[in-house]
1. Among what's in the range 290-310 and is touching a residue at least 40 places away in the same chain (Cβ under 8 Å) and not charged (D, E, K, R), pick the residue that is surrounded by the fewest Cβ atoms within 10 Å (Cβ to Cβ).
2. Would a scan of the range 232-254 turn up a residue that is in contact (Cβ under 8 Å) with a residue 60 or more places away in the chain, aliphatic (A, V, I, L, M), in contact with a Ser or Thr (Cβ under 8 Å, 6 or more places away or on another chain) and within 30 Å of Asn65 (Cα to Cα)?
3. Looking at Val43 and the list (1) within 19 Å of Ser235 (Cβ to Cβ); (2) surrounded by 11 or more Cβ atoms within 10 Å (Cβ to Cβ); (3) modelled with pLDDT of 80 or more, which single condition is not satisfied?
4. Take the range 130-168 and flag every residue that is more than 30 Å from Asn297 (Cα to Cα), assigned to a loop (DSSP other than H, G, I, E, B) and among the hydrophobic types (A, V, I, L, M, F, W, C).
5. Out of all the residues in the range 56-63, is one or more of a type in the set (Val, Ile, Thr), surrounded by 14 or more Cβ atoms within 10 Å (Cβ to Cβ) and either at pLDDT below 85 or not in a strand (DSSP E or B) (or both)?
6. Confirm whether Arg269 is modelled with pLDDT under 80 and not small (Gly, Ala, Ser).
7. Could you look through the range 228-248, keep only residues that are assigned to a strand (DSSP E or B) and not small (Gly, Ala, Ser), and pick out the one that is surrounded by the most Cβ atoms within 10 Å (Cβ to Cβ)?
Amino acid sequence: MKNAFEEFSKNAPPQGAISNGRTENDFQLPIELSYEIDAWGRVRKNVESHREAAQASAADLATVNLPMHAQLALFYFQARSLDAQEQLLQSTVAQYEQALQLNQVRFQGGVGSEVEVEQARTQLETTRAQAPDVGVLRAQCEHAVATLIGKPATSFSLAPLPLRTPPPPIPTGVPSELLERRPDIASAERSMAAANARIGVAKAAYYPLLSLTAAGGFESGAITTLLQGPAGLWSVGGQAIQTLFDRGRRRAASDQAVAAYDQTVATYREPVLTSFQQVEDNLAALRILENEAKTQNEAVVAAQKSLDLSIQRYKGGVTSFLEVTVAQSATLSDEAGREHSRAANGRCSPVDPGIRRRMGQHQSARAARVLRKAGDECQLIFIRPSNLERTKREDLEDES
């Protein structure tokens, strides 16, 4: 259906290409405008669906960035944990060197035996042999950090800095809304909102397409009279286009849009439930590892006391150096276990990249402060999570 009001140019040439045996010229300067009336929300919903899809794509990009940040922080803290283990080995080697010197002096003085000297030497060299393994792992973490920040491994180095600060406690009553910061959840939610908007587009196809058109300009048979008043022309009209019979195409498109929305809802539920599981796994591990750390500290204190008593007994001639060797091995093993416990506890702490990744947060400024304090060249790129709007499914039946 179409209705129009129009006025023709008075300077237009006669109808037909040839008049009185000669060719006529027809010069035109047209201007046309059209506007679609969005009475049923088709255009609005279409724009909304594309906007939500764009936000979902941005969240997908953040989903790629977040694991990279988490991996960078993870390698950094692993390097710091290895620095602590290397420092422990160095201090232990220094103690064993003193023990070897003591045994050599006792042997030269005729008080001790050569067996005790060789036991002390074996203990010392065995401990020294552990240092290269720690150095290899530390170098690999350093090279991984260099690769993640886009620098050649040969031109980047991390100064040794043992990380012994205990992780901060997890605050009570952390809202579950923090999980909305996870980019994978945000992407699934935006995709669900885009699918919801496409339902509105499909519903709008049931109603007529309304549009307004306007045209104007000048038309004349001579170029000299083209811009004169009588050469003006214009027309204004409107039209409504309605599909009367499509053999169920619109219904099928509407059902398809609703089914696609239901699919995105199910897809949205998966990362939400998975995120709760991952966070609870890390929180449970943190609680268990805290108890393990306390037990490990008590074991270190007991082993150190046992070592002190064994050394006193050995110096007093009550026992052999074998007892001291056994006590030294137990002390080293317990101290190494404490360092491993600290590292594991740090991996589940609130500043750990693993749990922060699962809560959708990028690495805290604490890691950046530690990096700057250490004088490293490593620079972490922090991305502030965008404030993505949340949408609920609209009552499409009432809207339509």
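1. At the first step, the residues of the range 290-310 found to be touching a residue at least 40 places away in the same chain (Cβ under 8 Å) are 290, 292-293, 296-297.
After this cut, where a residue has to be not charged (D, E, K, R) as well, the list is 293, 296-297.
Values: Ala293: 18, Gln296: 21, Asn297: 14.
Looking at residues that are touching a residue at least 40 places away in the same chain (Cβ under 8 Å) and not charged (D, E, K, R), I get Asn297.
2. No, the range 232-254 has no match at all.
3. All conditions are met except number (1).
4. Step one: filter the range 130-168 for residues more than 30 Å from Asn297 (Cα to Cα), giving 143-157.
The next check asks that each one be assigned to a loop (DSSP other than H, G, I, E, B); those that pass are 149-152, 156-157.
Those that are more than 30 Å from Asn297 (Cα to Cα), assigned to a loop (DSSP other than H, G, I, E, B) and among the hydrophobic types (A, V, I, L, M, F, W, C): Ile149, Phe156.
5. If we filter the range 56-63 for residues that are of a type in the set (Val, Ile, Thr), which is where we start, we get 63.
Adding the requirement that they be surrounded by 14 or more Cβ atoms within 10 Å (Cβ to Cβ) leaves 63.
Then drop every residue that is not either at pLDDT below 85 or not in a strand (DSSP E or B) (or both), which leaves 63.
For the range 56-63, residues of a type in the set (Val, Ile, Thr), surrounded by 14 or more Cβ atoms within 10 Å (Cβ to Cβ) and either at pLDDT below 85 or not in a strand (DSSP E or B) (or both): present.
6. no
7. Within the range 228-248, the subset assigned to a strand (DSSP E or B) is 232-241.
The next check asks that each one be not small (Gly, Ala, Ser); those that pass are 233-234, 236, 239, 241.
Working: Leu233: 21, Trp234: 14, Val236: 15, Gln239: 15, Ile241: 10.
Once the filter is applied, the top-ranked residue is Leu233.
The values are calculated or read from the model by the stated rules, or taken from the named source; none is laboratory data. Nothing here was measured: the structure is a model prediction, and the numbers come from that model. Here the Cβ is made from the backbone with ideal geometry for all residues, glycine too, and neighbour counts use every protein chain on show.
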